[in-house]
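S.K.: Quick one: the structure is below, and I'll ask about it shortly.
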Amino acid sequence: MTTISKKICLLGDFAVGKTSLVRRFVQDLFDDTYISTIGVKVSRKEVTISQNGGVVELAMMLWDLAGSEEFDRMQASYMRGASGAVLVCDSTRQETLDRLRTYANDLSKINPGARFVLAANKCDLVEQQELAPAQVEAAAAEIDAPWHFTSAKTGDAVEEMFHRLGRLIL
Ligand code: G3D
Ligand code: MG
């Protein structure tokens, strides 16, 4: 079986849970005491995807960038060569959803044909939810992306969300 390798960027505002989602998916654990990353971190996760009656081994190379200053300076080189991106917002902070369209546009400009999945993260914080499903759905429709309410803390929909993107970019 051949392994196909694809670059995937994590995009979203500060503290929405990008690093936590990658950690959960790659190591299947959530660390509440996680310290902010510095610079770019690339994590690799192999997934097996069935398509057209066959099976494909996909190595997802997950790029995660720390800090907004870092992002402004490195945006183009960070995004170059990406087949797709996980657009992450914090479902307890309305404004983090609005920014996702800009991230998607910027990445599409550099990589036409790139595909997206939208993660409305922190769905475990039930009392603090600010996003209605209809709002997330509307934002996702604009960028032609499937969407999930996720929790890096409980693991809710994390696996499913990454696999969904994996199938889209193959
Ligand atoms: P970022 O990489 O997008 O900047 P992080 O975000 O992954 O560093 O997460 C930012 C903060 O949100 C962290 O808290 C982290 O533990 C928390 N977090 C991430 N995902 C979830 C989630 O699904 N649920 C809850 N409840 N918290 C989450 P600290 O306090 O370490 O800064
Ligand atoms: Mg981070």
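S.K.: With Thr154, Thr150 as the choices, which residue is among the β-branched types (Val, Ile, Thr) and open to solvent by less than 60 Å² (accessible area, probe 1.4 Å)?
M.R.: One residue alone meets the criteria, Thr150.
S.K.: If Leu168 meets every condition in (1) under 22 Å from Lys6 (Cα atoms); (2) in contact with a helix residue (DSSP H, G or I) (Cβ under 8 Å, 6 or more places away or on another chain); (3) aliphatic (A, V, I, L, M) apart from one, which number is that one?
M.R.: (2)
S.K.: Within the stretch 67-82, identify whether any single residue is of a type outside the set (A, V, I, L, M), open to solvent by 60 Å² or more (accessible area, probe 1.4 Å), closer than 27 Å to Gln135 by Cα and at pLDDT below 90, and answer yes or no.
M.R.: yes
S.K.: What number of residues within the stretch 17-48 are within 13 Å of ligand 2 (Cβ to nearest atom), modelled with pLDDT of 65 or more and open to solvent by less than 50 Å² (accessible area, probe 1.4 Å)?
M.R.: 10
S.K.: Are any of the residues in the stretch 137-156 outside any loop (DSSP other than H, G, I, E, B), within 17 Å of Val16 (Cβ to Cβ) and acidic (Asp, Glu)?
M.R.: Within the stretch 137-156 (the criterion being outside any loop (DSSP other than H, G, I, E, B), within 17 Å of Val16 (Cβ to Cβ) and acidic (Asp, Glu)), the answer is no, since none of the residues qualifies.
S.K.: Scan the stretch 15-24 for residues that are near ligand 1 (Cβ under 7 Å from one of its atoms) and within 21 Å of Arg80 (Cα to Cα) and jot them down.
M.R.: Lys18, Thr19
S.K.: Checking the condition modelled with pLDDT of 90 or more, touching a Phe, Trp or Tyr at 6+ places or on another chain (Cβ under 6 Å), on the phi < 0 side of the Ramachandran plot and away from ligand 2 (no atom under 14 Å from the Cβ), which residue from Leu87, Leu107, Leu58, Leu97 passes?
M.R.: Criteria check complete, one pass: Leu87.
S.K.: Any residue in the stretch 129-147 that is open to solvent by 10 Å² or more (accessible area, probe 1.4 Å), of a type in the set (Phe, Trp, Tyr) and under 16 Å from Cys9 (Cβ atoms)?
M.R.: No, that holds for no residue.
S.K.: For the stretch 157-170, give me each residue that is touching a residue at least 40 places away in the same chain (Cβ under 8 Å) and farther than 16 Å from Lys18 by Cβ.
M.R.: Glu159, His163, Arg164, Gly166, Arg167, Leu168, Ile169, Leu170
S.K.: Under the condition of being hydrophobic (A, V, I, L, M, F, W, C) and in a helix (DSSP H, G or I), which residue from the stretch 88-114 is surrounded by the fewest Cβ atoms within 10 Å (Cβ to Cβ)?
M.R.: Once the filter is applied, the top-ranked residue is Ile110.
The values are calculated or read from the model by the stated rules, or taken from the named source; none is laboratory data. Just so we're clear, the structure is a prediction, and the values are computed from it rather than from any experiment. Counting neighbours? That spans all protein chains shown, and the Cβs are built from the backbone with ideal geometry, glycine included. For accessibility, only protein heavy atoms count, side chains too; no ligands or nucleic acids. Shrake-Rupley method; radii C 1.70, N 1.55, O 1.52, S 1.80 Å.
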